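Undergrad: Sharing a structure with you now.
The values are calculated or read from the model by the stated rules, or taken from the named source; none is laboratory data. Quantities reported herein were computed from a predicted structural model and do not represent experimental measurements. Cβ placement follows ideal geometry from the backbone for every residue including glycine, while neighbour counts extend to all protein chains displayed. Side chains included, ligands, DNA and RNA excluded: accessible areas come from the protein's heavy atoms. Shrake-Rupley method; radii C 1.70, N 1.55, O 1.52, S 1.80 Å.
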Amino acid sequence: MNTNNASRKEFLAALLTTGLVAAGCSSNKKSPFEAFAAEDVKETGEKVKLLSVDGEVIEVDRAYLKPVPEMPPVSNSEARIGMAGKKFVMVIDLSRCKNLRKCQNACNHMHHLHTGLSWLKVYPMHEDEHTAPYWQPTTCMHCDEPPCVKVCPVDATFKRQDGIVLIDNDRCIGCRFCMAACPYSTRVFNWESPDITEEIAKQPYSCESSVPQKKGTVGKCDFCPDMVRQGELPHCVSACPNGTFFFGDLNEDTVTNGAETFRFSDLIKDKAGYRLMDDLGTKPSVYYLPPVNRNFPFESGLENS
């Protein structure tokens, strides 16, 4: 078949008829994307694996990929609404936590928190002398019935339609009622100005990035909605080398740590997932998998190693 003389429509029809698209999905075949590449594209030799529309893993040269520009920042009024049709959820597998605190460091760094403050904490847990100790990463639970929202007198703490609970530091008056109401003690108070550069300090405050933080206000884990809006995972999820954190959409019933993807309902059922202080009626959006069949022994002193 002479594809040079065929129209694009005829060429696509021929591909579907003869099965060349399926053949192109093999890693040792020429990529189907290359047929439509511009003549001036120079291959780099670097192959990138992609998932085709047929569910096949294919390899294409990086030169054929077009860079996706960053999403423009949303206004704070839009940030307060959230993403339609989404219900975000996190799963933390306690059997995988080694207390490296890469998650904590990534969160602190990307949100430019003041030295000594952390939105994500890792606690050593030990119920009694007859049980084994384990490490428990703890974030904001992003409750469906958040007590922090109910007590805020200025609507600085709010819950979005996608389930994420955020703080608007432009409205926060530092009364700390939300800190007193939170049963999980996941909020921190900015007693000092954050450690930020002059360039970051000049940026307009964003509810979605929580940057820049402000002295005299409250801060907490925000599920990194600015990253999620761009199709990326929260910083703690991508930073953990052991795949401890899973993040996803409850409406899609899917969670992932970047390397593994599970059906949320099956994961919680099969691994006996649970929520902290569920009897309080806060309905947390963070679930835990018990520390059974642990990947690592309980050891101290491994922080930041």
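Undergrad: Run down Thr186, Thr197 and say which single residue is open to solvent by less than 10 Å² (accessible area, probe 1.4 Å) and in the same structural domain as Phe245 (by TED's automatic domain parsing). Give the derivation first.
TA: On the way: Thr197 fails: open to solvent by less than 10 Å² (accessible area, probe 1.4 Å).
Among Thr186, Thr197, only Thr186 is open to solvent by less than 10 Å² (accessible area, probe 1.4 Å) and in the same structural domain as Phe245 (by TED's automatic domain parsing).
Undergrad: So Leu100 passes all but one of these: (1) open to solvent by less than 20 Å² (accessible area, probe 1.4 Å); (2) part of a loop (DSSP other than H, G, I, E, B). Which condition number does it fail?
TA: (1)
Undergrad: Touching a Pro at 6+ places or on another chain (Cβ under 9 Å), outside any loop (DSSP other than H, G, I, E, B) and open to solvent by 40 Å² or more (accessible area, probe 1.4 Å) - does that describe any residue in segment 132-154?
TA: No - not one qualifying residue is present in segment 132-154.
Undergrad: Could I ask something else about it? I'd like the full set of residues that are surrounded by 16 or more Cβ atoms within 10 Å (Cβ to Cβ) and without any contact (Cβ under 8 Å) to a residue 24 or more places away in the chain, limited to segment 172-183.
TA: Within segment 172-183, none qualify.
Undergrad: Something else about it: Could you list, in sequence order, all residues of segment 217-232 that are part of a loop (DSSP other than H, G, I, E, B), touching a strand residue (DSSP E or B) at 6+ places or on another chain (Cβ under 8 Å) and not polar (S, T, N, Q)?
TA: Those that are part of a loop (DSSP other than H, G, I, E, B), touching a strand residue (DSSP E or B) at 6+ places or on another chain (Cβ under 8 Å) and not polar (S, T, N, Q): Lys220, Asp222, Phe223.
Undergrad: If only one of Met83, Met90 is part of a loop (DSSP other than H, G, I, E, B) and touching a helix residue (DSSP H, G or I) at 6+ places or on another chain (Cβ under 9 Å), which one is it?
TA: Residue meeting the stated conditions: Met83.
Undergrad: Next up: Within the set of pairs 6+ apart or on separate chains, which have a first residue in segment 257-276 that is open to solvent by less than 70 Å² (accessible area, probe 1.4 Å), a second that is in a strand (DSSP E or B) and of a type in the set (S, T, N, Q), and C-beta atoms under 7 Å apart?
TA: Phe264/Thr254
Undergrad: If the requirement is being closer than 25 Å to Tyr134 by Cβ and surrounded by 18 or more Cβ atoms within 10 Å (Cβ to Cβ), which of these qualifies: Val228, Val218, Val237? Explain how you work it out, then say what you get.
TA: Numbers: Val228 fails: closer than 25 Å to Tyr134 by Cβ; Val218 fails: closer than 25 Å to Tyr134 by Cβ.
Only one candidate passes the filter, namely Val237.
Undergrad: Starting from segment 142-153, keep only residues that are closer than 14 Å to Ile164 by Cβ, then list their pairs with residues that are among the aliphatic types (A, V, I, L, M) and part of a loop (DSSP other than H, G, I, E, B) whose Cβ atoms are within a distance under 9 Å, requiring at least 6 positions of separation or different chains.
TA: His142/Ile164
Undergrad: Considering segment 206-215 alone, what residues qualify as being within 11 Å of Pro73 (Cβ to Cβ) and either loosely packed, with under 13 Cβ neighbours inside 10 Å or in contact with a Lys or Arg (Cβ under 9 Å, 6 or more places away or on another chain) (or both)?
TA: The answer is Cys207, Glu208.
Undergrad: Give the residues of segment 240-256 that are within 13 Å of Asp93 (Cβ to Cβ) and either of a type in the set (Phe, Trp, Tyr) or buried (at least 20 other Cβ atoms within 10 Å of the Cβ) (or both), sorted by residue number.
TA: Correct list: Cys240, Thr244, Phe245, Phe246, Phe247, Val255.
Undergrad: Here is a check on your reading of the model: is Ser185 in a loop (DSSP other than H, G, I, E, B), polar (S, T, N, Q) and more than 30 Å from Asn251 (Cβ to Cβ)?
TA: Values: in a loop (DSSP other than H, G, I, E, B): yes; polar (S, T, N, Q): yes; more than 30 Å from Asn251 (Cβ to Cβ): no.
No; evaluated as a whole, the condition is false for this residue.
Undergrad: Out of segment 75-86, which residues are open to solvent by 30 Å² or more (accessible area, probe 1.4 Å) and either within 18 Å of Leu233 (Cα to Cα) or modelled with pLDDT of 95 or more (or both)?
TA: Arg80, Ile81, Ala84, Gly85, Lys86
Undergrad: Any idea how many residues of segment 277-305 are open to solvent by 90 Å² or more (accessible area, probe 1.4 Å) and in a helix (DSSP H, G or I)?
TA: Looking only at that region, the number is 2.
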